[in-house]
Amino acid sequence: MTLSTQHSPRLSIGLPVYNGERYLAEILDCFLTQTFQDFEIIVCDNASTDQTAETCRSFMERDSRVRYHRNEKNLGAIPNFNKVFQLSRAPLFKWIAHDDLYHPRYLESCVRILDENPDVILAHSKTAFVDDRGKPFPINPATGSYVDPRTGILQTADSPMVADSPTAILRFWQVLSGACWGTHMFGVMRRSALQRTGLIPNFSGGDRAMLAELALLGRFQCSEEVLFSKRFHEDASCHLDEKEIVGWLSTDGQAYSRRMRQLKTYFSTPLGKPVGLFTKAGCMGLVAVHSAKVAAQAIGGKDARRAVQGVAWRTSKSARA
């Protein structure tokens, strides 16, 4: 049973998408069959050129909770992610990517956490990694990490304990040091908290910068179950090279230094937040420490290792073409 269009939902689900026809129907079905049903789904189509619009319209005919908005031109991923939040209305909000997967109890679990814990501003679940067909990655028994089936590279999901501390500066550091994939941004959030951030800034890793800002406003909490699956496939953003990712994130054509934007955003994040001067100064010190760590990792070949993984997945696409 669907809810009336006059009903004000508890949760808005924002789905920004561009040319998502391959997985779009699957993710919409994931949510229309959730055990928690009091929501709206807002699709913000970034001027797709495939069958995205037709898929959305077919779902709108099936369920009045699905809303569809189409941009006149492609704004880039980050402006589209931010726009879909601005189009929402409910007191709870959640972003979804068109290519991920969710267990039917995902929303129920997250909303329960928020209802039972007023100090929690973001609820999420443990994460699994799956391939382009939705098949789970194998697990390395020695480390508990997932094994990328294309490369053999070990991949570790972000810790469920990130930003779960009662202390703001510790939450901030946990995001800086532990939110490598940024999957927490796909949790269910309180709208009132998200509105106090600058949303997602325009640079690679901007999702983690937003999470760091949120972490200064309240705790995150994770369900004990694995209810979210991040999908790896040849067109996933994590497999784009540096030039491709800039054009994918935004189409404004502006040249900029990614590192400078990151540093400026992170150093300014504590300003205006409800934390003391000691915490603000401490956060800025942690940003300096983390920046040095990231530079060392780049020298140590972390970026090259990610590039190898991306090439393996992109090559599989070429082989099928």
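Assorted remarks:
- Residues located in the range 92-112, provided they are open to solvent by 20 Å² or more (accessible area, probe 1.4 Å) and within 23 Å of Arg171 (Cα to Cα): Arg112
- Breaking point among (1) assigned to a loop (DSSP other than H, G, I, E, B); (2) closer than 19 Å to Gly14 by Cα; (3) not hydroxyl-bearing (Ser, Thr, Tyr), for Ala193: (1)
- Test: residue in the range 120-133 that is in a helix (DSSP H, G or I), touching a residue at least 40 places away in the same chain (Cβ under 8 Å), aromatic (Phe, Trp, Tyr) and open to solvent by less than 30 Å² (accessible area, probe 1.4 Å): no
- Qualifying residue in the range 158-166 (condition: open to solvent by less than 10 Å² (accessible area, probe 1.4 Å), of a type in the set (Val, Ile, Thr), in a loop (DSSP other than H, G, I, E, B) and closer than 22 Å to Leu92 by Cβ): yes
- Thr251 vs. criteria touching a residue at least 40 places away in the same chain (Cβ under 8 Å), hydroxyl-bearing (Ser, Thr, Tyr) and in contact with a Leu (Cβ under 7 Å, 6 or more places away or on another chain): yes
- Subset tally (residues that are closer than 20 Å to Trp248 by Cβ and in contact with a Phe, Trp or Tyr (Cβ under 7 Å, 6 or more places away or on another chain)) for the range 27-44: 1
- Look at the range 33-54: where a residue is among the aromatic types (Phe, Trp, Tyr) and a partner is surrounded by fewer than 23 Cβ atoms within 10 Å (Cβ to Cβ), sitting 6+ places away or on another chain with Cβ atoms under 6 Å, you get Phe36/Glu108; Phe36/Val111; Phe39/Pro9.
- Strands (runs of 3 or more DSSP E) wholly inside the range 4-89 that include at least 2 residues being open to solvent by 30 Å² or more (accessible area, probe 1.4 Å): 66-70
- Enumeration of residues in the range 227-248 that are of a type outside the set (S, T, N, Q) and either open to solvent by 20 Å² or more (accessible area, probe 1.4 Å) or more than 30 Å from Pro104 (Cα to Cα) (or both): Lys230, Asp235, Cys238, Leu240, Asp241, Glu242, Lys243, Glu244, Ile245, Val246, Gly247, Trp248
- Ser177 polar (S, T, N, Q), in contact (Cβ under 8 Å) with a residue 60 or more places away in the chain, open to solvent by 30 Å² or more (accessible area, probe 1.4 Å) and not in a loop (DSSP other than H, G, I, E, B): yes
The values are calculated or read from the model by the stated rules, or taken from the named source; none is laboratory data. Quick caveat, the model's predicted, so the values are computed rather than measured. All Cβ positions, glycine included, derive from the backbone under ideal geometry; neighbour counts span all protein chains shown. In case anyone asks, the SASA skips ligands and DNA or RNA and just uses the protein heavy atoms, side chains included. Shrake-Rupley method; radii C 1.70, N 1.55, O 1.52, S 1.80 Å.
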